[in-house]
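Since the structure comes first, as structure tokens, the remarks are kept for the end.
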Amino acid sequence: MRRLSLVILFSAVLLAACSAPKGREQFVRGMGPWTFSVELDSLTKSDFFFYTRRDGSPARRSKVAELPLDVEWISPASDTLRETVYLPLEARSSFYSSESSVPYREGVVPPLSGTWTIVVTPHDSVTVRGLRGLGLAIKYLK
């Protein structure tokens, strides 16, 4: 009886450990363009967030309040969707760095399952000194 209880408990722990991830993050260094490959399921809603980090003292960082980004979604079938969004740059700040994390899209359900490519390109008209790169965080919803 005791052995059966341990087997059931062990099985429950293994089942919980094998559950699907609740999210995923990718960070690409540099000044862009940034390319992200993400696995999306047409049966799952997802929330997307962009995050950045800028290095340097406040006097050395650009005074740019937001960064215009061209975002291109390329589906598994090679269809392309394009849009322009504006990423606010100041959120959490210390003397030597500032970080920004903002919602990009909420409740996204892609029309096709598979690997999607998201290419994010900053506008040439804006230069952001100290920009370390761009990150994409995805939270999978039930």
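Quick check: anything in the range 133-141 over 20 Å from T52 (Cβ atoms), at pLDDT 90 or above, under 12 Å from the mean Cα position of the chain (by Cα) and part of a strand (DSSP E or B)?
Yes, the range 133-141 contains at least one residue that is over 20 Å from T52 (Cβ atoms), at pLDDT 90 or above, under 12 Å from the mean Cα position of the chain (by Cα) and part of a strand (DSSP E or B).
Return the residues of the range 62-96 that are more than 18 Å from the chain's Cα centre (by Cα) and at pLDDT 95 or above; say none if nothing qualifies.
P76, A77, S78, D79, T80 - these are the residues of the range 62-96 that are more than 18 Å from the chain's Cα centre (by Cα) and at pLDDT 95 or above.
Name every residue in the range 26-43 that is in a loop (DSSP other than H, G, I, E, B) and surrounded by fewer than 15 Cβ atoms within 10 Å (Cβ to Cβ), in order of residue number.
G30, M31, P33, D41, S42, L43
The values are calculated or read from the model by the stated rules, or taken from the named source; none is laboratory data. The shown structure was predicted, so the numbers you read here are calculated from the model rather than taken from an experiment. Here the Cβ is made from the backbone with ideal geometry for all residues, glycine too, and neighbour counts use every protein chain on show.
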